[in-house]
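The values are calculated or read from the model by the stated rules, or taken from the named source; none is laboratory data. Since we're looking at a predicted model, the values are computed, not measured. Don't worry about glycine lacking a Cβ; one is built from the backbone with ideal geometry, like all the others, and counts go over all protein chains shown. Side chains are part of the model used for accessible areas, which takes the heavy atoms of the whole protein and leaves out ligands, DNA and RNA. Shrake-Rupley method; radii C 1.70, N 1.55, O 1.52, S 1.80 Å.
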Amino acid sequence: MLLVLLLCTLLPFAYAKQAGGQDVMAYGKTDGKAPGWAIMTDLPKGWTEDCCKYAAAIGVNLVLYQGEWSGKPEGVMVLNVWPAKLPTLAAELQDDRQHYLQSDAHGKASVFALQDPHGIACQGVLFQGSDKVDDVVVFCDPGKPSGIRYSWSMTVAANDPNRQALIDTFKQVVQRSSYMTYEKGSTPMHANAKP
């Protein structure tokens, strides 16, 4: 595992690997003062993970999807990691909400409640589009020392007969996510672990 993490710090964008059982991880290298990062979650049964083909093509770190890749956003879970720029997690959420509601004047935004995964602060929102297509987005902040923030998101049609099951599965993926740091010469550590 340490060798895999060492290799991941050399990759230019991100790396994902199914790590035994149903776990899936996405990695990113050290960036300036921010340490390398790894985000792990449970891969739902019957789902496929992709970091390097479809995810890279759309500019994100990881996608999870059922069946064959269709190229359509519906029912695809997306992990996106970026360097923290806004001062707070609430500011990240407000910025996204503002952009969404500006692009859909008749859309609605409501709180998407969930439990914080592994002590990581997360806030979610459900955007209900006037086009009857909904987006659920959860922003997470592993803490200032991480230098990053990340989000999980998924698009689902309002009339999809599997809508609630998809949203429940999405919630499980988010709530089971964990963040770890990696610095050269050390072993990975959970954000809430004590040194």
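Applying the condition of being touching a residue at least 60 places away in the same chain (Cβ under 8 Å) and assigned to a loop (DSSP other than H, G, I, E, B) to region 66-75 and asking which residue is surrounded by the fewest Cβ atoms within 10 Å (Cβ to Cβ) yields 73. Which members of region 45-62 meet the condition of being in contact with a strand residue (DSSP E or B) (Cβ under 7 Å, 6 or more places away or on another chain) and of a type outside the set (A, V, I, L, M, F, W, C)? Matches in region 45-62: 46, 48, 49, 50, 54, 61. When the test is whether a residue is at pLDDT 90 or above, surrounded by 12 or more Cβ atoms within 10 Å (Cβ to Cβ), among the hydrophobic types (A, V, I, L, M, F, W, C) and part of a strand (DSSP E or B), residue 26 passes it. Do the conditions hold for residue 95, that is, is it modelled with pLDDT under 95, of a type in the set (D, E, K, R) and surrounded by 12 or more Cβ atoms within 10 Å (Cβ to Cβ)? Answer is yes for this residue. Scanning region 99-131 for residues that are over 20 Å from residue 168 (Cβ atoms) and either in contact with a helix residue (DSSP H, G or I) (Cβ under 8 Å, 6 or more places away or on another chain) or among the charged types (D, E, K, R) (or both) gives 104, 107, 108, 109, 121, 131.
Looking only at residues of region 133-148 that are touching a Lys or Arg at 6+ places or on another chain (Cβ under 9 Å) and of a type in the set (D, E, K, R), we find that the one that is most open to solvent (accessible area, probe 1.4 Å) is 141.
Let's see how each residue does on (1) touching a Pro at 6+ places or on another chain (Cβ under 8 Å); (2) over 24 Å from residue 46 (Cα atoms); (3) surrounded by 16 or more Cβ atoms within 10 Å (Cβ to Cβ):
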| position | (1), (2), (3) |
| --- | --- |
| 83 | no, yes, no |
| 102 | no, yes, no |
| 108 | no, yes, no |
| 112 | no, yes, yes |
| 127 | no, yes, yes |
| 131 | no, yes, no |
| 170 | no, no, yes |
